[in-house]
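*Asks:* One structure coming up, written as structure tokens, with questions to follow.
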Amino acid sequence: MPPVDENESLEPAEIGLGPVLAALADPLRRRVIAELARAPAGTERTCASFGLPVAKATLTHHFRVLRRAGLIRQTDRGNCRTAGLRRAEIEAKLPGLLALIVAEESADPAGEGAPEPRRTALP
């Protein structure tokens, strides 16, 4: 089956560092990529299977951002949509990136990142 939106499927040469880093700035999106990177090559999962604590519209937004950055490929499967990691393309364009994401996710399984700095009122 073809990707969900042919116009949003980037060629490997079109995958850029800026859009990829912007997509990965969100901890929930990094979690999706980490889970797909840990899975065997060719794994496709439904968007709901990631169990992200967000509304359906927000979930759609997160997967759109990942797709537009060239990190995932989505495919319609009847009444659901699956997401698969573009592992070969990412490794060719940004070698080592997936290993870094998996290592970070393993160190911080909640995907929360560093705690917010404490803010104090100015005198």
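*Asks:* Ordered by residue, what ³J(HN,Hα) values in Hz, to whole numbers, does segment 84-95 give under the Karplus form 6.51 cos²θ - 1.76 cosθ + 1.60, where θ = phi - 60° and Gly and Pro are x?
*Replies:* Using θ = phi - 60°, the values come out as x, 6, 8, 4, 4, 5, 5, 5, 5, 7, 9, x Hz.
*Asks:* Once phi is turned into θ = phi - 60°, what whole-Hz ³J(HN,Hα) does the Karplus curve with 6.51, -1.76 and 1.60 give for every residue of segment 41-54, x standing for Gly and Pro?
*Replies:* 4, x, 5, 10, 10, 6, 4, 5, 5, 7, x, 6, x, 9
*Asks:* Accessible area, 1.4 Å probe, largest first: how do 56, 93 sort?
*Replies:* Final ranking, largest accessible area leading: 56, 93.
*Asks:* Could you give me the ³J(HN,Hα) list for segment 13-27, computed from phi with Karplus coefficients 6.51, -1.76, 1.60 and θ = phi - 60°, whole Hz, x at Gly and Pro?
*Replies:* Karplus values, whole Hz, x for Gly and Pro: 5, 8, 5, x, 4, x, x, 5, 5, 5, 5, 7, 5, 8, x.
*Asks:* Got a number for the accessible area of residue 81? Probe 1.4 Å, square angstrom, nearest 10.
*Replies:* Near enough 90 Å² of accessible area.
*Asks:* Now a separate question. Hey, can you grab everything whose amide H is under 5 Å from the amide H of residue 52? Only 5+ residues off in sequence or another chain; H modelled, so Pro and N-termini drop out.
*Replies:* For residue 52, no residues qualify.
The values are calculated or read from the model by the stated rules, or taken from the named source; none is laboratory data. Worth saying up front: this structure is predicted, and the values here are computed from it rather than measured. Side chains included, ligands, DNA and RNA excluded: accessible areas come from the protein's heavy atoms. Shrake-Rupley method; radii C 1.70, N 1.55, O 1.52, S 1.80 Å.
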